[in-house]
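The values are calculated or read from the model by the stated rules, or taken from the named source; none is laboratory data. Quick caveat, the model's predicted, so the values are computed rather than measured. Cβ atoms come from the backbone with ideal geometry, glycine included; neighbour counts cover every protein chain shown.
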Amino acid sequence: MMAAAACVVTLGVGAALAGSSQHSVVAANGCSSVDQFVPFANCAHSKLPAAQLQNRSMHGIELTGSNLSNAQLSGANLARAHVSSRESEGSHTDLTNAILTGTELSGANLTGANLTGANLTRAHLYGTELSGANLFGAIMEHAQLGEANLTDANLTDGDMPGSDLFDADLTDADLTDADLTDASMVGADLGEANVTRADLTRANLIEANLGGANVSHADLNRADLTDANLTDADLSGASFYGADLNRTDLNRAKLDGTNFDGADLSDATWTDGRTCAVGSIGECKLKTPIGS
C-alpha cells in the first residue's frame, strides 16, 4: 500500500502506526516533506536542510542520520525523539546552526549529533543523551540539562550562562572557553574534563566533581564550590576570587599562580591532605602547622 503522510507503510495486523508507542516504517530516503514530521514518524535519513519546523509536535520521532542543518525548530516538541548517529552507518545527525529555542528534547538520544552553532536557548534537555555530541559554539543560555549525559561532548566556546546542569555527566567533556556564568552545576561530574579558560563566575558547583580536570586559567570568581572535589585537578592560573571553597577537596591539585584572594577555604582539604582552619580567607591556614 502507499505510504501515508506520516511515512507509514501498512504491513497488516501488528504493523506500527504513527502516533503509537513504536516508530512507523519509512523508506530509506526518509521523509521528504515537512507534513510528514509528526509524532512517532520514522523520518530517519531525511534530508531537509533549512526546513521550517517551528512549534511542531514531533515527540517520539525517529531522526537517525538526518540532515536538518539550518532547520528552524523553535518551540518544537521533540520529547523522546531518537536522533542517534551511532547506529546509522557512521553518519551524524546534522543540526548545525539549527534553531531549537525552547524546544523539548528531554530524554532524546542525541549521541554523537552535530549541534555546532545550534541555538538551544531555554531548551529542555533533561536526561538527554548527548555523549560525544559536537556543541561547538552552541548557544545554550538558561538551557535545562539536568542529569544529561555529556560525556566526551565538545562544548568549546559554548554560550551557556544561567544553564542548569545539576547532576549532569560531563566526564571528559571539552568546555574550553565556554561561558558558564551563573550556571547551576550542583552535583555535576566534570571528572577529567577540560575547563581551560572557561568562565564559571558565580556558578553553583556545590558537591561537583572536578577530579583530574584541567581548570587552568578558568574564572571561578564568586563561585560556590562547597563540598566540591578538585583532587588532582590542574588549577594553574585559575581565579577563585571571593569563591566559597568550604570543605572543598584540593588534595594533590596543581596550584601554579592560582588566585584565592577573598576566597573562603574553611575546612577545605589542602594540596598536602591537611585541613584548612575555619576562617581561612584568601589562604589556607592549616589546622596542623608544619613541624608540629
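For this structure, a couple of remarks:
- Any hit, the range 69-76, residues being assigned to a loop (DSSP other than H, G, I, E, B), of a type outside the set (Asp, Glu) and within 25 Å of ASP182 (Cβ to Cβ): yes
- Restricted to the range 55-73, and to residues there that are within 19 Å of GLU129 (Cα to Cα) and not hydrophobic (A, V, I, L, M, F, W, C), the residue that is surrounded by the fewest Cβ atoms within 10 Å (Cβ to Cβ) is HIS59.
- Exactly one residue out of THR176, THR156 is assigned to a loop (DSSP other than H, G, I, E, B), of a type in the set (Ser, Thr, Tyr) and farther than 21 Å from LYS254 by Cβ, and it is THR156.
- Taken across the range 234-250, residues that are aromatic (Phe, Trp, Tyr) and buried (at least 24 other Cβ atoms within 10 Å of the Cβ) do occur, with at least one present.
- Residue match in the range 81-92 (condition: surrounded by fewer than 23 Cβ atoms within 10 Å (Cβ to Cβ) and either at pLDDT 85 or above or acidic (Asp, Glu) (or both)): yes
- Between VAL26, VAL13, the distinction of being among the β-branched types (Val, Ile, Thr), buried (at least 21 other Cβ atoms within 10 Å of the Cβ) and at pLDDT below 85 belongs to VAL26 only.
- Hey, LEU150 under 17 Å from ALA228 (Cα atoms) and buried (at least 21 other Cβ atoms within 10 Å of the Cβ) or not: no
- Screening GLY212, GLY191 for residues that are without any contact (Cβ under 8 Å) to a residue 24 or more places away in the chain, out of contact with any strand residue (DSSP E or B) (no Cβ under 8 Å at 6 or more places or on another chain) and in a loop (DSSP other than H, G, I, E, B) leaves exactly one candidate, GLY212.
- Test for GLU141: is it within 22 Å of ASP232 (Cα to Cα), surrounded by fewer than 21 Cβ atoms within 10 Å (Cβ to Cβ) and not hydrophobic (A, V, I, L, M, F, W, C): no
- Residue list for the range 194-209, restricted to those being closer than 16 Å to PHE136 by Cα, of a type in the set (D, E, K, R) and assigned to a loop (DSSP other than H, G, I, E, B): ARG197
- Some residue of the range 252-263 being closer than 15 Å to ASN209 by Cα and buried (at least 18 other Cβ atoms within 10 Å of the Cβ): yes
- Only one of the listed residues (ALA123, ALA183, ALA208, ALA148) is more than 30 Å from HIS59 (Cα to Cα) and within 15 Å of the chain's Cα centre (by Cα). That residue is ALA208.
- Selection of the range 210-228 for residues being under 19 Å from THR269 (Cβ atoms) and crowded, with 24+ Cβ neighbours inside 10 Å yields LEU210, ALA213, VAL215, LEU220, ALA223, LEU225, ALA228.
- Applying the set (1) under 20 Å from ALA208 (Cβ atoms); (2) in contact with a Lys or Arg (Cβ under 7 Å, 6 or more places away or on another chain) to GLY127 leaves exactly one unmet item: (2).
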